[in-house]
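Here the structure comes first, spelled out in structure tokens, and everything after it is commentary.
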Amino acid sequence: MRALAATATLIALAAPARAQEPDYFANQTPTPLTYRIEGERTGTQKIWLASLAGGAMLAGGLGLYYNLESRDIADEVGTEAGAGPALVYTPEIDERRRTGESYAMRARVLYGLGGALVIATAVYFVWTSPDDRVIAYGSDDDRPDVTIAPVRGGAVIGAGWSF
Amino acid sequence: MRAAGAVVAALALAACEPEIGAGTYYCGEDGFCPPDLACNPDTFTCETPGSFGEFDCPSGSEADEPDDELASAPTLGALPCGYNPIPREGCVPDGDDVDLLQFEVAACTGANPRLDITLMFPVALVELELALVDDTGAIVRTGEPCTPEPNFTGRRWLCIEGAVPDGAYHLRITAGDDGDCDGACRYTHYLLFVRYPTA
């Protein structure tokens, strides 16, 4: 957060008393000047967010790859009951079947992992969402710190704000 | 959040595992079948365990027994030229069984008169050996593997093809040493085609 302090200095000189003048602003209600500063995540939070989202995409992509591979193998060696025998069940077909089962399992695990990472990304996104800061000038809460220091021939008046 | 969970669940369910239905594959060597299925020795297909019984020779396949000796072998007689009959069905209920079949070959006219013999038996059960023997029992020819690829029959094929001198012959079918499930499936049934094409 950026902080800036400003100091205004006035030198009050002894002035001759003047005649009473009308105060045109005495009856006006002061309206504070407000503006909003959008919050920003830290670099570490951004890295975590990118890692979680990237991990989710990677897991989902790999899961989709294994899903499609397992589907191809299922189409290749899978059969529906009642279709009638077509081929001899060989060790090669069995190996393909086991590969298909393995790919299907990998797809499930990766989908699960990807889903968990999506949820984690969303939770982390909300959790680390920075609050916007509202700064109001002129309100009672935002009165500047005023300091007065006597100097030779008068005084130095200082005011400090932060925003 | 719930929508994301539903998408994840749907994708997880979409992962495809190969499903193999009962009766959709012929048994492999030694009755090899997918998990949760077992080899039905009668149909030599992979079926749900408990849905079939023990091996039994097909009806009528043992009608020629006893046919273990040359003298007692059934005969086809002289093969007519261009002979192309329906297949004979046989059975080897145990490893000691020998099936013999006698026939005679006479001279035929034609571009390529020859014997064309095919023996087919399930891949899943004990392997058979096929031999063409003469009247004395001496081996003239032996069956050579001729199973087509891809094999849509579920059977191994052994073939003997070629011209032979005129005379009387026997086909001898015996169980071999392989494919008997370590002795647990030392039986089988077979189809035998004896043809005598001339072209």
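Any read-out appearing in this document is the output of simple, stated calculations on the displayed coordinates, not a laboratory observation. From a predicted model like this one, the values you see are computed outputs, not experimental measurements. Cβ placement follows ideal geometry from the backbone for every residue including glycine, while neighbour counts extend to all protein chains displayed.
Annotation: the residues A:LEU68, B:LEU101, sorted from fewest to most other C-beta atoms within 10 Å of their own C-beta, follow the order A:LEU68, B:LEU101. Multiplying each eigenvalue of the alpha-carbon gyration tensor of segment B:63-175 by 5 and taking the square root yields semi-axes of 22, 19, 12 Å, largest first, rounded to whole angstroms. With a ≥ b ≥ c taken as the square roots of the eigenvalues of the C-alpha gyration tensor of segment B:138-199, please select rounded if a/c is under 1.5 and otherwise prolate if a/b is larger than b/c or oblate if it is not? The shape class here is oblate. The phi-based Karplus calculation (6.51 cos²θ - 1.76 cosθ + 1.60; θ = phi - 60°) puts the 3J(HN,Hα) values of segment B:86-95 at 6, x, 9, 9, x, 8, 10, x, 8, x Hz, whole numbers, x for Gly and Pro. Scanning residues 5 or more positions from B:ARG155 or on other chains, those with amide H under 5 Å from its amide H are B:VAL123, with H placed 1.01 Å from N in the peptide plane. Segment B:45-80 and segment A:108-131 have Cα centres separated by 67 Å. Rounded to the nearest 20, the size of the Cβ-charge dipole of chain B about its Cα centre is 1040 debye, with Lys and Arg at +1 and Asp and Glu at -1. Note on chain B: helix-only mean residue ellipticity at 222 nm, from DSSP H runs of 4+ residues weighted -39500 (n - 2.57) and normalised by residue number, equals -2000 deg cm²/dmol.
Note on chain B: along the principal axes its Cα atoms extend 86, 38, 26 Å, ordered by decreasing extent. The simple Förster model, with R0 at 45 Å and r as the Cβ-Cβ distance, assigns B:ASP96 and A:ASP72 a FRET efficiency of 0.40.
Once you divide the Cα radius of gyration of the protein assembly as shown by 2.2 N^0.38 Å, the number left is 2.24.
Rounded to the nearest 20 debye, the dipole size of the protein assembly as shown about its Cα centre is 4040 debye, using +1 on the Cβ of Lys and Arg and -1 on the Cβ of Asp and Glu. Spacing of the modelled spin labels on B:ARG141 and A:GLN45, each 7 Å from Cα toward Cβ, amounts to 8.7 nm. Derived scalar couplings between HN and Hα for segment B:37-54 equal 10, 9, 7, 7, x, 7, 9, 6, 10, 7, 10, 5, x, x, 8, 8, x, 6 Hz in order, rounded to whole Hz, by the Karplus curve 6.51 cos²θ - 1.76 cosθ + 1.60 (θ = phi - 60°), x for Gly and Pro. Each peptide in A:112-123, B:24-35 was scored by the mean count of other Cβ atoms within 10 Å over its residues; highest first, the order is B:24-35, A:112-123.
For B:CYS91, the amide hydrogen comes within under 5 Å of the amide hydrogens of B:TYR190, counting only partners 5 or more places away or on other chains and with H modelled in the peptide plane.
Mean partner shielding of peptide B:22-34, defined as the number of other chain Cβ atoms within 10 Å of each residue Cβ, is 5.
Across chain B, Cα pairs under 8 Å and at least six residues apart give a relative contact order of 27 percent. The 3J(HN,Hα) values that the Karplus relation (6.51, -1.76, 1.60; θ = phi - 60°) gives for segment B:116-128 are, in residue order, 9, 10, 10, 10, 10, 9, x, 4, 6, 10, 4, 6, 9 Hz. Gly and Pro appear as x.
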